[in-house]
Amino acid sequence: MGLSDLFKKRHQAPVEDQIYDLGKAATQLKKAKQYGRAIAALREAHSLMERTSTQYSVKHFLRVPMLLQLDGRAEEAWAEYQELLSSGYPGQMRSKDMILMDSYQIYDKMRLHLQREGRAKEAVVYHVLSIVCWSRALRLQNRSNEHEHTLTREYAAVQVEKVWRRTKLSTGAEGLASMLHDLLNGLEGMQLQSVEHQIREYLDGCGTGR
């Protein structure tokens, strides 16, 4: 079944079925490297989501910017991520903990986007923002054991080592792990902009390159 046929089904099947079919079609189109058509299918699915009470996760909406980058439209992809952070998406749960959980996933995809663009230092910044959102969300959800684990030095070291390996940066990992540990243990009332500023300042100071 072609994409045009799926669009024709818009008024012939339950909305949830249409959304599922469009998402499945987008997956097949991505495999065929027909990124533009895959994006069109997902946008159609997203418009249908506004007509249903079913709650869809942020993962559905993160597919578009990832495809935009594959299609060579990196700036559009970045704008999509920023729009998700600032405005959310249809049916998003607006409690503070769920917004933080969504932000955790969005920042992680932004980190991946930057890695693919060869912007290693920027990728580190967004990895840290992702981890900070994760830790905050765990605390708000009273997931005490998981939250307490994020406050350990071992956790901070593992997270920094992970992103250092992915980005192939050469210096500064130990200092950043110490900073991340301190940030995670002193987050109360701290704005994400302040976290971002501190990480950028540290990376600029230790000469990690791009």
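Put simply, of ALA177, ALA173 the only residue that is buried (at least 19 other Cβ atoms within 10 Å of the Cβ) and either under 17 Å from TYR155 (Cα atoms) or over 21 Å from the mean Cα position of the chain (by Cα) (or both) is ALA177.
Residue pairs whose Cβ atoms lie under 8 Å apart, separated by 6 or more positions or on different chains, with the first residue in the range 76-97 and free of Cβ contacts under 8 Å to residues at least 12 places away in the same chain and the second part of a loop (DSSP other than H, G, I, E, B) and not charged (D, E, K, R), are ARG94/GLY88. Close contacts from the range 144-166, counting a first residue that is more than 10 Å from LEU180 (Cα to Cα) and without any contact (Cβ under 8 Å) to a residue 60 or more places away in the chain and a second that is open to solvent by 80 Å² or more (accessible area, probe 1.4 Å) and part of a helix (DSSP H, G or I), with Cβ to Cβ under 6 Å and a gap of 6+ residues or different chains, come to HIS147/ARG139.
Across the range 123-138, what is the total count of residues that are open to solvent by 20 Å² or more (accessible area, probe 1.4 Å) and free of Cβ contacts under 8 Å to residues at least 24 places away in the same chain?
First, the residues of the range 123-138 that are open to solvent by 20 Å² or more (accessible area, probe 1.4 Å): 126, 134, 136.
Add one more test, that the residue is free of Cβ contacts under 8 Å to residues at least 24 places away in the same chain, and what stays is 126.
Total satisfying the criteria: 1.
Of the residues making up the range 41-90, those that are more than 24 Å from GLN28 (Cα to Cα) and of a type in the set (Gly, Ala, Ser) are SER53, ALA79, SER86, SER87, GLY88.
Select from the range 58-75 the residues that are over 13 Å from the mean Cα position of the chain (by Cα), surrounded by 15 or more Cβ atoms within 10 Å (Cβ to Cβ) and in a helix (DSSP H, G or I) and list them in ascending order. First the steps, then the outcome.
Initial filter on the range 58-75 (over 13 Å from the mean Cα position of the chain (by Cα)): 67-75.
Among the residues that remain, those that are also surrounded by 15 or more Cβ atoms within 10 Å (Cβ to Cβ) are: 67-71, 73-74.
Within the range 58-75, LEU67, LEU68, GLN69, LEU70, ALA74 qualify.
Does the range 112-122 contain any residue that is open to solvent by 10 Å² or more (accessible area, probe 1.4 Å) and closer than 28 Å to MET93 by Cα? Yes, the range 112-122 has at least one match.
The values are calculated or read from the model by the stated rules, or taken from the named source; none is laboratory data. The structure displayed is predicted, hence computed values, not measured ones. A quick note on method: Cβ atoms are made from the backbone with ideal geometry, for glycine too, and the neighbour counts reach across all protein chains shown. Note: accessible area is taken over every heavy atom of the protein model, side chains too, but ligands, DNA and RNA are not part of it. Shrake-Rupley method; radii C 1.70, N 1.55, O 1.52, S 1.80 Å.
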